[in-house]
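Below is one structure, written out as structure tokens, with a few remarks after it.
The values are calculated or read from the model by the stated rules, or taken from the named source; none is laboratory data. This is a predicted model, so every value here is computed, not measured. Here Cβ is always computed from backbone atoms with ideal geometry, including for glycine, and neighbour counts include all displayed protein chains. What goes into the accessible areas is simple: the full protein's heavy atoms, side chains included, and nothing from ligands, DNA or RNA. Shrake-Rupley method; radii C 1.70, N 1.55, O 1.52, S 1.80 Å.
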Amino acid sequence: MSTLVERTPEVASGYRAGRTLPLRVELVRQLKRRRTLVMGGILAALPFVLLIAFAIGGEPDGGGNRITLMDTATASGANFAAVNLFVSAGFLLVIPVALFCGDTVASEASWSSLRYLLAAPVPRARLLWSKLVVGLGLSLAAMILLPVTALAVGTAAYGWGSLEIPTGGSLAPGTAAQRLVVVVAFIFVSQLVTAGLAFWLSTKTDAPLGAVGGAVGLTIVGNVLDAVTALGDWRDFLPAHWQFAWADAIQPNAEWSGMIQGTAVSITYAVVLFALAFRGFARKDVVS
């Protein structure tokens, strides 16, 4: 009488799936890439570009009776940092998020190294998790780099002082610094949709440029749709509709409702997109 013996897969001694592709290894790999250094250089250079522009053109002067945030750029270092965030949040800060999250998996496929990573063996979920965490970490670092550099440059040029509010009043330096931290955090959360799009596309294509460009393009489409006032309340479901809700945080009496709604919309879209990326990659036939 024959007996059936159930065999379990043999695992190499000392192998631990959770120890494959450590975050520090992936982080070092990404930090050494040229696109990371170039993007960091561009973001660090923007405050100096604006400083030179104000030095050449003189202090900003609003037309008519309306004073905007741009008109207060030279009032203090805090104002200069806020203006840098204002001019970059709509598009410039989209690029590093799309780049770091959209290039990460697709570039491995384009180099034909993705299948070797999986054959190491690195579990697919572990590989995606490592790349996603590092991509989001670099995106957050990019968003921190810009205001920190702007605050240092602005303070050196215009002094350390209160954040002058265009609508009247001001925020003390300590309070202004805290509010700017909140602003950066909200901008990061609002860009999670772009990160989700880029990461999902990165798992679907072998062309890094396609993933990055696709995420940027869809983000632009969202901005265009938000400008269509005929959509009415439907615009509330667009992440782009809330991207400047952080302006309510730099008021004497901060208003949080817009930021809360924007956070909820952004996180909802991002969770769905990240889930699609993990689900699709788990079933993908990796040949490159």
Exposure ranking of Ile165, Ile42, Ile95 by accessible area [1.4 Å probe, largest first]: Ile42, Ile95, Ile165
4 °C / 1.567 mPa s Stokes-Einstein diffusion coefficient of the range 92-171, Kirkwood radius on C-alpha pairs, µm²/s: 83 µm²/s
Accessible surface ranking that places the most exposed of Arg126, Arg34 first, with a 1.4 angstrom probe: Arg34, Arg126
Overall Cα dimensions of the chain - principal axes, largest extent first, Å: 96, 43, 32
Exposure of Tyr158 as accessible area (Å², to 10), given a probe of 1.4 Å and all protein chains: 60 Å²
Length released on extending from Arg29 to Trp129, taking residue separation times 0.36 nm less the Cα-Cα span: 34.5 nm
Carbon plus sulfur fraction of accessible area for the chain, probe 1.4 Å, in percent: 65 percent
Two-decimal Rg/Rh across the range 193-254, once Rg and the Kirkwood Rh are taken from alpha-carbon atoms: 1.12
Where only C-alpha atoms are counted, convex hull volume of the range 26-146 per residue in Å³: 114 Å³
Counted charge near Trp246, where neighbours are those whose Cβ lies closer than 15 Å (Asp, Glu -1; Lys, Arg +1): -1
Trp256 accessible area, assembled protein chains, probe 1.4 Å, Å²: 110 Å²
Two-decimal Rg to Rh for the range 177-288 - Kirkwood Rh, Cα set: 1.05
Sum of -39500 (n - 2.57) over DSSP H runs of 4+, divided by residues of the chain (222 nm, nearest 500): -21000 deg cm²/dmol
Gained length - Val182 relative to Leu92, 0.36 nm times residue gap less alpha-carbon distance: 30.5 nm
Per residue accessible area in Å² of the chain, where ligands, DNA and RNA are left out and the probe is 1.4 Å: 52 Å²
Where GluC sites (Glu not before Pro) in DSSP loops with at most 13 other Cβ within 10 Å are excluded, longest remaining stretch of the chain: 11-254
Most mobile of Ala249, Ala55, Ala215 in a GNM of the chain (Cα contacts under 10 Å): Ala55
The chain: most fluctuating residue of Gly159, Gly222, Gly168 per GNM, C-alpha cutoff 10 Å: Gly168
Extent along principal axes [Cα atoms of the range 128-175; Å; largest to smallest]: 47, 23, 17
Stokes-Einstein D for the range 113-255, Kirkwood Rh over Cα pairs, 25 °C, 0.890 mPa s (µm²/s): 135 µm²/s
Debye log10 I(q)/I(0) at q = 0.17, 0.26, 0.28, 0.30 Å⁻¹ for the range 153-214, Cα point scatterers: -0.70, -1.06, -1.12, -1.15
